[in-house]
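Novice: Below is the structure I would like to discuss, written out as structure tokens.
The values are calculated or read from the model by the stated rules, or taken from the named source; none is laboratory data. Please read these numbers as outputs of a predicted model, since none were measured by experiment. Using ideal geometry, Cβ is built from the backbone for each residue, glycine included, and neighbour counts are taken over all protein chains shown.
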Amino acid sequence: MIKIAIQGEPGSFSHEAATKLAADARIVPFSLSAEAFDALVRGDVDAAVIPIENSLAGSVTEHFDLMLTHPVTIVRETLLRIRHNLIAISGAQINQIDRVFSHPVALAQCRRFLGEHPKMEAFAFYDTAGSVKQLVELRDRHAAAIASSQAASYYGAQILQAGIEDNEENYTRFFYLRRTPEVTPDPAANKLSLAFTVENRVGTLVDALSELAKEGTNLTKIESRPVHGRPWEYVFYVDCQLHSPEDGTRAIAALKQHCSMVKELGRYQEAIR
């Protein structure tokens, strides 16, 4: 049985994504994402599953930084439909609820529901499933949590109202990470993730992206993050579609002509909704 690190409590969306990627895995939860990465690098776990992007809230920027600074590689990705539910302890009624706890992103994705229930005051919590765990421990009939149905089942709580998210087109993309030395190339890979930096000169980013275009590389995502300790310098993260393994090799070689640093984050099969 392989061990997979996640950030968050059992029953979280990361837990659900991990079991989707490896159904028989043992899930090892950590409070902080950095702890999950460190456990993977040390060899305490075999893999880690992390959220990297939500279709409504955008990217999880911390995880870009951690992938850059740790010797880990993306080997798979998956998309998880995010369904938020109002959850309380058994026997509680929706008209009793005056406090709602969840991760800030989950609260933000349920603004309409919370607006329709002005009696419910929202409070940020470190984790969706963790907010359900807290409810069950406190046995407070006046408090509720926003989390997945799996969290309600895991902790023995009840769903007061299902599907309370504002937008049904709510998906989170998760990466399955392994230690870089242990990763073997996937011949069916059709997607490449890269990080690179360019010199702070006029046109350097355009030159780098032009090289990718010359290779016929279809850029599907670009994200910038500040370089720690070097104000106003940035790392660029890109996702590219691949038609063959050689496409990725040529794209990396082309970028190296114009970039001071290029790191391949992974070649893997693109997840499909």
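Novice: Report yes if residue 202 is assigned to a loop (DSSP other than H, G, I, E, B) and more than 26 Å from residue 71 (Cα to Cα), otherwise no.
Specialist: Details: assigned to a loop (DSSP other than H, G, I, E, B): yes; more than 26 Å from residue 71 (Cα to Cα): yes.
It is true that residue 202 is assigned to a loop (DSSP other than H, G, I, E, B) and more than 26 Å from residue 71 (Cα to Cα).
Novice: Another question about this same structure. Of all residues in the stretch 141-181, which are under 18 Å from residue 95 (Cα atoms) and either in contact (Cβ under 8 Å) with a residue 60 or more places away in the chain or surrounded by fewer than 18 Cβ atoms within 10 Å (Cβ to Cβ) (or both)? Give the derivation first.
Specialist: Initial filter on the stretch 141-181 (under 18 Å from residue 95 (Cα atoms)): 141-146, 157-164.
Those that are under 18 Å from residue 95 (Cα atoms) and either in contact (Cβ under 8 Å) with a residue 60 or more places away in the chain or surrounded by fewer than 18 Cβ atoms within 10 Å (Cβ to Cβ) (or both): 141, 142, 146, 157, 158, 159, 160, 161, 162, 163, 164.
Novice: Let me ask something else about it. I'd like to check something: does the stretch 59-77 contain any residue that is at positive phi and loosely packed, with under 15 Cβ neighbours inside 10 Å? Quick ask: steps written out before the conclusion?
Specialist: Narrowing the stretch 59-77 to residues at positive phi: none.
The answer is no; no qualifying residue exists.
Novice: Also, quick follow-up: It is to be established whether one or more residues within the stretch 32-42 are surrounded by fewer than 16 Cβ atoms within 10 Å (Cβ to Cβ) and among the hydroxyl-bearing types (Ser, Thr, Tyr).
Specialist: No: the stretch 32-42 contains no residue that is surrounded by fewer than 16 Cβ atoms within 10 Å (Cβ to Cβ) and among the hydroxyl-bearing types (Ser, Thr, Tyr).
Novice: Look at the stretch 224-273 and say how many of its residues are in contact with a Gly (Cβ under 9 Å, 6 or more places away or on another chain) and either assigned by TED's automatic domain parsing to the domain that holds residue 67 or part of a strand (DSSP E or B) (or both).
Specialist: Residues meeting the conditions: 3.
Novice: Give the stretch 29-67 a look and list any residue that's over 16 Å from the mean Cα position of the chain (by Cα) and not in a helix (DSSP H, G or I), or say none.
Specialist: Passing the criteria: 43, 44, 45, 46.
Novice: Scan the stretch 182-194 and report the pairs whose first residue is in contact (Cβ under 8 Å) with a residue 24 or more places away in the chain and whose second residue is among the small types (Gly, Ala, Ser), with Cβ atoms within less than 6 Å and a gap of 6+ or a chain change.
Specialist: Hits for this filter: 192/248; 193/266.
Novice: For the stretch 69-184, please list each of the helices (runs of 4 or more DSSP H) lying entirely inside it that holds at least 3 residues being over 30 Å from residue 266 (Cβ atoms) and not assigned by TED's automatic domain parsing to the domain that holds residue 8.
Specialist: Working: elements: 104-108, 111-116, 128-138, 149-155.
The helices (runs of 4 or more DSSP H) meeting that bar are 111-116, 128-138, 149-155.
Novice: Of all residues in the stretch 1-32, count the ones that are touching an Asp or Glu at 6+ places or on another chain (Cβ under 6 Å) and closer than 21 Å to residue 71 by Cβ.
Specialist: 2
Novice: Taking the stretch 205-223, which residues are assigned to a loop (DSSP other than H, G, I, E, B) and touching a helix residue (DSSP H, G or I) at 6+ places or on another chain (Cβ under 6 Å)?
Specialist: Within the stretch 205-223, the first condition is being assigned to a loop (DSSP other than H, G, I, E, B), and the residues that meet it are 215-217.
215, 217 - these are the residues of the stretch 205-223 that are assigned to a loop (DSSP other than H, G, I, E, B) and touching a helix residue (DSSP H, G or I) at 6+ places or on another chain (Cβ under 6 Å).
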